[in-house]
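The values are calculated or read from the model by the stated rules, or taken from the named source; none is laboratory data. Keep in mind it's a predicted model, so treat the numbers as computed, not measured. Counting neighbours? That spans all protein chains shown, and the Cβs are built from the backbone with ideal geometry, glycine included.
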Amino acid sequence: MLTATLVLTLLGLALGTLLALAARYMAVEDNNPMAKEIEQLLPGSQCGQCGFPGCGPAADAIATGEASVTCCPPGGRALAETLAKMLDIDLSTLGESPEPLLATIDESLCTGCTRCYKACPTDAIVGASKQIHVVVSEACTGCKQCVDTCPEDCISLHTPEVDLTRWHWHKPEAA
C-alpha cells in the first residue's frame, strides 16, 4: 500500500510538472492586449445591442477600430468617455451615443410565468412563480431579451428619466 501511494504521488508530481512546463512554453500570445482591457470595462451582459454576439467580439472590434466607442448602449456615455480616453479618440467627432433603455413591467398584465426572469442575463428581474415581477433598474441593460420571451406582452422598454447619475451637459449650438 505504501508503494502504491508513493507511485501515485510521483506520477502526480511528474504530470503536474509537465503541465506547468507546457503552459509556460506553449502558451498562446494575445494578439491585442488592449481588447482584454476594453472587455473588462464593458458591462458583460452579452446582450448584443452593439451588433456583436457578445462583449468579447465587441471589445476586439473597438480595439481594432472596426466599431465605435459609442456602440454599447448599456454602458452609456460614461463607458464611451472612458473608452475614448483610453484609445485617445475625440468623442465629440463620433456623434451621439444611443440612449440606453430600461425595461418596465405592467403589473396589471403580469401573470408570474417567470419566462422573463429566466431570460434576463443580468438578473434584473425579481419575482417568483405566479407572483408579479419587478425590474431592478440599476441592473437592467435594456437588452430586450425579456420583451421577446414575455407571452403576456407586459414588458416595455423606455428611456430612463434624467437624474443626477444620468444627466449630461449638452454642448450649446452655434447661433
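Couple of notes before you dig in:
- Every residue from segment 108-151 that is touching a Leu at 6+ places or on another chain (Cβ under 8 Å), surrounded by 15 or more Cβ atoms within 10 Å (Cβ to Cβ) and free of Cβ contacts under 8 Å to residues at least 60 places away in the same chain: VAL135, CYS140, VAL147
- Residue in segment 53-71 that is in contact with a strand residue (DSSP E or B) (Cβ under 6 Å, 6 or more places away or on another chain), among the small types (Gly, Ala, Ser) and surrounded by 13 or more Cβ atoms within 10 Å (Cβ to Cβ) present: no
- Of all residues in segment 22-51, those satisfying the criterion of being of a type in the set (A, V, I, L, M, F, W, C), under 17 Å from THR122 (Cβ atoms) and either assigned to a loop (DSSP other than H, G, I, E, B) or modelled with pLDDT under 85 (or both) are LEU42, CYS47, CYS50.
- Residue in segment 84-106 that is in contact with a Phe, Trp or Tyr (Cβ under 9 Å, 6 or more places away or on another chain) and surrounded by 13 or more Cβ atoms within 10 Å (Cβ to Cβ) present: no
- Pairing each residue of segment 44-66 that is assigned by TED's automatic domain parsing to the domain that holds GLY76 with any residue that is surrounded by 16 or more Cβ atoms within 10 Å (Cβ to Cβ) and charged (D, E, K, R), provided the two are 6+ apart or on different chains, yields C-beta distances under 6 Å for CYS55/GLU39; GLY56/GLU39; ALA59/GLU39.
- Checked against (1) among the polar types (S, T, N, Q); (2) loosely packed, with under 10 Cβ neighbours inside 10 Å; (3) under 27 Å from GLU138 (Cβ atoms), THR3 meets all criteria but (3).
- Filtered residue count, segment 90-110, keeping only those that are at pLDDT 70 or above and among the small types (Gly, Ala, Ser): 2
To keep it simple, each residue is scored yes or no on (1) over 24 Å from LEU42 (Cα atoms); (2) in a loop (DSSP other than H, G, I, E, B); (3) modelled with pLDDT under 85.
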position: LYS118; (1), (2), (3): no, no, no
position: GLN131; (1), (2), (3): yes, yes, no
position: LEU157; (1), (2), (3): no, no, no
position: PRO160; (1), (2), (3): no, yes, yes
position: TRP169; (1), (2), (3): no, yes, yes
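- Subset of segment 63-79 (residues that are within 14 Å of the chain's Cα centre (by Cα) and part of a helix (DSSP H, G or I)): GLY76, LEU79
- Boolean, THR3 is at pLDDT below 90 and over 15 Å from the mean Cα position of the chain (by Cα): no
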